[in-house]
1. Principal axes first, then extents: for the Cα atoms of the chain, list largest minus smallest coordinate on each axis, whole Å, largest first.
2. Kindly sort E57, E158 by accessible area of their heavy atoms, largest first, with the probe set to 1.4 Å.
3. As an exercise, identify the trypsin sites (Lys or Arg not before Pro) in segment 265-317 lying in DSSP coil whose Cβ has no more than 13 other Cβ atoms within 10 Å.
4. Amide H neighbours of E47 under 5 Å, counting only residues 5+ apart in sequence or on other chains, H built in-plane at 1.01 Å?
5. Could you tell me which of rounded, prolate or oblate describes segment 135-263, using a ≥ b ≥ c as the square roots of the eigenvalues of the alpha-carbon gyration tensor, with rounded for a/c under 1.5 and, failing that, prolate when a/b is larger than b/c and oblate otherwise?
6. Out of every Cα pair in segment 531-662, what percent are spaced more than 17 Å from each other?
7. Grab the DSSP H runs of the chain that are 4 residues or longer, score each as -39,500 (n - 2.57), total them, divide by all residues and round the 222 nm result to the nearest 500 deg cm²/dmol.
8. Bin width 5 Å, origin at 0, all Cα-Cα pairs of segment 506-548: what percent of pairs per bin?
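The values are calculated or read from the model by the stated rules, or taken from the named source; none is laboratory data. Model, not experiment: these values are computed from the prediction. Cβ atoms come from the backbone with ideal geometry, glycine included; neighbour counts cover every protein chain shown. Only protein heavy atoms, including side chains, enter the accessible area calculation; ligands, DNA and RNA are left aside. Shrake-Rupley method; radii C 1.70, N 1.55, O 1.52, S 1.80 Å.
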Amino acid sequence: MNVIRPCAAVIPALVFISAVSAACCAQDLARTSKTIAAVLREPLPPEELSLSESAAEFSIAGPTFTYRVRKATGTIDAIRVVREGHTVIEAVGPADIQIDGFRLASKLNSAKPTVVSQNKGKIVLESAGILRNPEKDDSEADYTLRHTFFNDGVVVSEVKLTPRKDLLVEKAIVHRIATRGRFSVFDHKQRNRQGPTVRGGLPEPGASVHLDLLSSCLQVYGPSAGLAIFTDCGATYLSQPKLDSALLEVTGKEDGFTTLALSQYIIHVAPGDRPYLVKAGEPFTFRLGISVAPNKFPHPRTHDLRMFTWIGDGKNPYPTDEEITTVARLGFTLFQLHRAGTPGDPRPPAGEAARVVKKVHEAGMLFLWEENPDLLHVGAPGVVKLKAEGRWSLWQGFNYKGRYTDWMDPFCDTVATCLAAPNGLAEYRLANINRMMDQMPVDGLYLDDNAAYPTCKLWKEHGHPRPVYDCLIEHHEMNWRRRELMRSRCPHLVLVSHCSLHGLLPLICDFDAQLYGEGYAFGSLQDYWDKYSSLVMSIPSQGMIWPSAAQPHRCTTSVAYNLDLLTGGGQYTEIDWRVFFKKYPSAYTKGADDRELETTRFYNLAQYYFGMYESKPYYFAYNANLFATKTPQTYAAVYHNQIWNDWLIPVANMSGKSLDTAIMVHSPRSLGIVADKPYILFDVQRRNAVTLRGDKINQCLEKIRVPGENLRLFCLRSVTDDKPCHLWGGKRISEVWDAKTRKLTVKILGPAGLQETVFFAGAKHGIQKVIVAGAPADFTLDPAQGLAHGLVTFTADPLVIEMSCSSEGRNGLPERPFPPVALFKETP
């Protein structure tokens, strides 16, 4: 058994020197936590647009972004995005459209701008102008530029060009934007493919990434910022098969910023090839878009959105009250009901959905409904009506060959719908959501398969601009409308997107959490950080991971928690088939066992107790100057609780065998650890405590054995000499020491009904008795570590624990060492 040894230079285990001089009751009272239930229900921060204007320009400002539109041309002349008061994206030129020698942003052009409409969610500007070619005085075209700005940071621009005489495009029609931002990775999506087809790190300055085929979306991002350009007409005409349809050019990298240009070609003609003809008097139209991140303010509940999904089967469509209680006691904060039917039209038996919502709320969780952007139940009233009238083609889609069913649940019978069907489908879906929220207090929605599918064969009937079309623009607007509606009904709304491998900024920007894959494995931790975590963090939103041990290409529960705690926390997402595996056929519970249940309980509750919503994260990926691990394939992160001045330190092993490693903290003060102040380091898994001074932190973290594909967790707490303190077990809400009566009063919170061992440090004070919820409690003392510990049962409200101490320092508790604990079996 590996036990952390007390550091040679640290103070004795039972002696605690004040971390802050003479902490008093008033100071203790000032440190009070909100409960997680209260934080979950705090309204979202404002997400509003404002419009201002000067003689030369319009300025459209959102929560974190500003667009400026030049009146003389109607073009977007400047973009700025901020995060925590610092600029993270800044355009270094206008978002321009070039047609050979023409430029929409040219000072030679003249336009008349109009404010079409404006409110806090959407602003529409339109400019009608004349496009002039500086090389040919007689070559003019009329143009209309209509910008729709959304409060989620997206702008969609409709462009209409009407040449006054035949226009021969000899080179290109291209949308180009040059910008400087905190970017490190890029993705490119084609409109004939479901997800990004090319992705990777940004090249070095002077290098470019050339992309061909049908360009839909080109995006760049990093953990602090993201920017995408997209179009419904990418590569409408390429004179040769391998011509660029999109282009990424990097021109500089400095101080964490990359300067680059993004381009998407509508028309591209190779030198010497036949020009593309735009006939006189015939409008040539296309749409362009820009999406920026961060596009909203973060909510403090991130990263505490731990989601449980009830899928069920034909025999178990709804969970029992006992099962819901079990889920809450595992530390989950969101409960998603999957396959529950059309919003507003729950599946039978009648009344069961309302019962589940009521019980979920009683258990302290938020309730989420599930729906698909591209599927409707065959029994949905709108589907039945259109089919009966012979008009189903108005909404018809072709994903899953037109119909999705599942053998384990006959109710799961759905038909595909077009993501951009214009014939009242969006309004029907929104009406369903309204009806659902009239019926029951739903807290949010999980959108399953939030991806742009290029499968509609009815492009003429549905008014798509091209036969091959991924509906990205309409899909974004529907997501935005859903958020606007649901937020008006539920101010603390939670929207979760199942973006899988296909996260595109315009589609995921309206969501508070992003479910990645269903446990799809990743090439490495760095790959996971670069390709997924960075995109999610840029918005900002929270990641989610479904594990699966049954298939080799998916990650296990333990690896999911490694990824979770190294990249933000709160991301582990569980399903009923794996927790309640004994009640389901083994065909889809293979790999689940009681060990997974214990792993889930331990890591979820560790995050619940620490209070991720109060914490500042320091990630392995860009804090190497602050800390690092010594052994390859081991990694660490640090979370600093800003209320209680505690630190949670996960140490992960990504290899398949046990490894010994050490953490080297290069700059303790940058993490808030003071050299000459006392601390206690608690091994959360093995329940061992070590006392130390801040300048000896490395000596106490110099030998850590981590099982293969697993984690070790440590909690560091600053301590004081004049009072005992709560160390671990339950979420600390308040802690008050009355020096006169020598009594410590602590309020802690855990899932109601859960039994848990609670630890207190400072046994030198001679603990006489412990009162829990007004009744004497069975607490004992581990004299070697100076820890008092006892089993408590949490209630719906914070549990009050009173610890009375002797003025002479005599202990009144029975002495019993806490038995060593090893959660995971060591691997060789």
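1. Reported extents, whole Å, longest axis first: 100, 60, 52.
2. E158, E57
3. Here the sparse-neighbourhood loop sites are K279, K315.
4. Those lying under 5 Å, H to H, from E47: there are none.
5. Prolate.
6. Cα-Cα pairs in segment 531-662 separated by more than 17 Å: 63 percent.
7. Helix-only estimate at 222 nm: -4000 deg cm²/dmol.
8. With 5 Å bins starting at 0, P(r) equals 6, 23, 31, 25, 12, 3.
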